[in-house]
Amino acid sequence: MPRFDYVRAHSVAEAVQLLGDPEILSRPLGGGTDVLVFVRHEKPPYDRLVDISRVPEMKIIERHGGEIVVGAAVTYTEAAESPVLQEAAACLVEACLSVGGPAIRNAGTLGGNVANAAACADSLPSLVCLDAVAHLCSRSGERALLVSDLVTGANRTALQRGELITHFTFPVPPAGVRSAFTKLGRRNAQAISRLSMAAAGRLDAQGCVDFVRLSPGAATSQPRRFTEVEAMLLGQEPTDELLAAAGSQTAEVMIGMTGRRWSTEYKEVAIQALAERTLRRALAG
Amino acid sequence: MLIQFTVNKKSVAVEAPADITLLDLLRDYLGLTGAKEGCAVGECGACSVLMDGRLVNSCLVLAPQADGSEILTIEGVHAPDGGLNDLQENFITYGAVQCGICIPGMVLAGEALLLETLTPTRAEIRTALAGNLCRCTGYQQIVDAIEATAQQRRNQ
Ligand SMILES: Cc1cc2nc3c(=O)[nH]c(=O)nc-3n(C[C@H](O)[C@H](O)[C@H](O)COP(=O)(O)OP(=O)(O)OC[C@H]3O[C@@H](n4cnc5c(N)ncnc54)[C@H](O)[C@@H]3O)c2cc1C
Ligand code: FES
Ligand code: FES
């Protein structure tokens, strides 16, 4: 007897019907890079996997006016190869390229990364930095949530039973905004990061910051923009002193949210340097 | 359930449980034992195959996910006469093979890269091999073999 059944969905409508079937407890299957590791060791808490990895509507990467649409079944490789994302979301492209090795990037999807919501999920800081919204669909209808509200903690989300992430949207950043992603990992390719950072920014004609976003990864239980740090940078000239101060402030905000723990001593120094370095890349004139 | 796909250019239809991996399907149902199970959790690359032209870890692909796709395993990599192809020859020439357990995956990772570009830098070759572990060679010779093959194929 197989431990679970498999069915392939060919459209969002079909996936949602299958996922909401009251008779068979079902879960989406994307690239399987988290699911297959999980079911190897644990008893699956569902009776059926609904494969959404080839649903055409969930594979798109498009620009519609001032908005970018990225399907939830887009793989890291597809995202990294997309000219639309290369132009509008360098931080997301860099995050995708930092994931696993090529085989993981060819299978793993953005939707799976967000739904799995590991503390160290690499797409989260960049999606949050871009103010990305996750679009969810179930038999009871559609709703949209900021990614930072969808992920409620490590491996916890506001996804309800039968709900599918169909796609993400985010506003095209204003002209001239650059973004960047940096991650600390023990090994270049396969390390699952313990800290990462996405930043976006722009300087005005006077060389002062007129747009800035900062979103650390794996630093707080819920991913969020560090608006406190953004506020101290806005309108200022990004001198070495200011960027160093922004780094310290980032560490302070993190500690304010998580309290001091065994890992704080390391993380405090690391996040400071990471914020400074990533902001420097985003704000490079 | 019935799983139908193409493996090494041959169509196959296999009756198998829905919850096994593509790696088990290849090894236990099709007798294609070139893909190895090293870690079974995506860390080592010994189970690498190409799925629709892209490198994947077959231990992380659910067998029915392969339905309708084209799979290339190491058994499908060879010269037209059935002998070793140029990349495989170069693995030997450059001393890139020791115990051999990682080699099917390494060759497929190399072929995946060479499908994309025939002008890879050494850094790009290393990135392409980042998910494939070798306990024996120290990688240098494997990179050499792929680099040499790229150069030869460019000149063809
Ligand atoms: C060797 C290895 C290295 C890795 N390295 C990294 C790394 O560097 N960085 C990183 O962030 N992650 C890494 N991962 C984790 C994993 O690859 C990612 O989290 C990946 O994005 C998961 O996507 P998937 O499509 O494979 O998800 P799946 O395994 O298919 O699904 C994961 C979870 O999400 C749910 N799900 C999938 N799609 C949807 C959807 N559209 N809507 C709702 N729920 C959905 C599934 O039901 C399941 O609960 C690694 C994994 C391995 C095995
Ligand atoms: S056996 Fe698949 S990656 Fe190790
Ligand atoms: S040759 Fe032995 S693991 Fe690579």
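Mind telling me which of the residues B:Ser48, B:Ser69 ends up being hydroxyl-bearing (Ser, Thr, Tyr), more than 7 Å from ligand 2 (Cβ to nearest atom) and within 8 Å of chain A (Cβ to nearest Cβ)?
B:Ser48
Considering only segment B:1-35, how many residues are within 14 Å of another protein chain (Cβ to nearest Cβ) and part of a loop (DSSP other than H, G, I, E, B)?
7
Considering only strands (runs of 3 or more DSSP E) fully contained in segment A:85-187, which possess at least 3 residues that are out of contact with any Lys or Arg (no Cβ under 9 Å at 6 or more places or on another chain) and surrounded by fewer than 20 Cβ atoms within 10 Å (Cβ to Cβ)?
Filter on segment A:85-187 gives A:141-146.
A:Ala80 is checked against (1) touching a Leu at 6+ places or on another chain (Cβ under 9 Å); (2) surrounded by fewer than 20 Cβ atoms within 10 Å (Cβ to Cβ); (3) in a strand (DSSP E or B) and fails just one. What number does that condition carry?
(3)
Give the residue that is farthest from A:Leu25 (Cα to Cα), with candidates limited to residues of segment A:107-164 that are acidic (Asp, Glu) and in contact with a Ser or Thr (Cβ under 9 Å, 6 or more places away or on another chain).
A:Asp131
For segment A:220-277, give me the residue count where each residue is in a loop (DSSP other than H, G, I, E, B) and of a type in the set (D, E, K, R).
5
Out of the residues in segment B:39-49 that are crowded, with 23+ Cβ neighbours inside 10 Å and aliphatic (A, V, I, L, M), state the one that is farthest from B:Gly100 (Cα to Cα).
Checked segment B:39-49; the qualifying residue farthest from B:Gly100 (Cα to Cα) is B:Val49.
Any residue at all in segment B:84-102 that is within 13 Å of ligand 2 (Cβ to nearest atom) and hydrophobic (A, V, I, L, M, F, W, C)?
Scanning segment B:84-102, I find at least one residue that is within 13 Å of ligand 2 (Cβ to nearest atom) and hydrophobic (A, V, I, L, M, F, W, C), so the answer is yes.
Any idea which residue in segment B:51-66 is nearest to the chain's Cα centre (by Cα), counting only those that are free of Cβ contacts under 8 Å to residues at least 40 places away in the same chain and near ligand 2 (Cβ under 7 Å from one of its atoms)?
B:Ser58
Please find, among A:Val70, A:Val37, A:Val16, the residue that is outside any strand (DSSP E or B) and touching a residue at least 40 places away in the same chain (Cβ under 8 Å).
A:Val16
Within the bounds of segment A:22-38, is there any residue that is of a type in the set (Lys, Arg) and within 10 Å of chain B (Cβ to nearest Cβ)?
No, the conditions are met nowhere in segment A:22-38.
Condition first: touching a Cys at 6+ places or on another chain (Cβ under 8 Å) and either away from ligand 1 (no atom under 13 Å from the Cβ) or not in a loop (DSSP other than H, G, I, E, B) (or both). Now tell me which residues in segment B:36-59 satisfy that.
B:Lys36, B:Glu37, B:Asn57, B:Ser58, B:Cys59
Checking B:Cys59 against (1) crowded, with 19+ Cβ neighbours inside 10 Å; (2) in contact with a Gly (Cβ under 9 Å, 6 or more places away or on another chain); (3) within 22 Å of B:Leu114 (Cα to Cα), only one condition comes out false. Which one?
(3)
Could you check, for segment B:84-99, whether at least one of its residues is under 30 Å from A:Ala9 (Cβ atoms), of a type in the set (D, E, K, R) and more than 9 Å from every other protein chain (Cβ to nearest Cβ)?
So far as segment B:84-99 goes, no, none of its residues is under 30 Å from A:Ala9 (Cβ atoms), of a type in the set (D, E, K, R) and more than 9 Å from every other protein chain (Cβ to nearest Cβ).
For A:Arg3, all conditions in the list (1) within 11 Å of chain B (Cβ to nearest Cβ); (2) surrounded by 14 or more Cβ atoms within 10 Å (Cβ to Cβ) hold save one; what is the number of the exception?
(2)
Of everything in segment A:256-276, what is surrounded by fewer than 16 Cβ atoms within 10 Å (Cβ to Cβ) and either under 19 Å from A:Pro223 (Cα atoms) or touching a strand residue (DSSP E or B) at 6+ places or on another chain (Cβ under 8 Å) (or both)? Give them in sequence order.
Once the filter is applied, which keeps residues that are surrounded by fewer than 16 Cβ atoms within 10 Å (Cβ to Cβ) and either under 19 Å from A:Pro223 (Cα atoms) or touching a strand residue (DSSP E or B) at 6+ places or on another chain (Cβ under 8 Å) (or both), segment A:256-276 yields A:Gly256, A:Met257, A:Thr258, A:Gly259, A:Arg260, A:Arg261, A:Ser263, A:Thr264.
Just to be sure I understand, how many residues within segment B:68-120 are of a type outside the set (A, V, I, L, M, F, W, C), away from ligand 3 (no atom under 14 Å from the Cβ), part of a loop (DSSP other than H, G, I, E, B) and surrounded by fewer than 18 Cβ atoms within 10 Å (Cβ to Cβ)?
9
Step by step: first the residues of segment A:81-112, then only those that are free of Cβ contacts under 8 Å to residues at least 12 places away in the same chain and away from chain B (no Cβ under 11 Å), then the one that is nearest to ligand 2 (Cβ to nearest atom). Which residue is that?
Among those that are free of Cβ contacts under 8 Å to residues at least 12 places away in the same chain and away from chain B (no Cβ under 11 Å), it is A:Gln86.
Which residues, taken from segment B:121-156, are within 13 Å of ligand 3 (Cβ to nearest atom), surrounded by fewer than 18 Cβ atoms within 10 Å (Cβ to Cβ) and away from every other protein chain (no Cβ under 14 Å)?
Answer for segment B:121-156, where residues must be within 13 Å of ligand 3 (Cβ to nearest atom), surrounded by fewer than 18 Cβ atoms within 10 Å (Cβ to Cβ) and away from every other protein chain (no Cβ under 14 Å): B:Arg135, B:Cys136, B:Gly138, B:Gln140.
Since every read-out is calculated from the coordinates, none of them should be taken as a lab result. All values reported here derive from a predicted model rather than from experimental measurement. In this analysis, Cβ positions are derived from the backbone assuming ideal geometry, glycine residues included, and neighbour counts consider all displayed protein chains.
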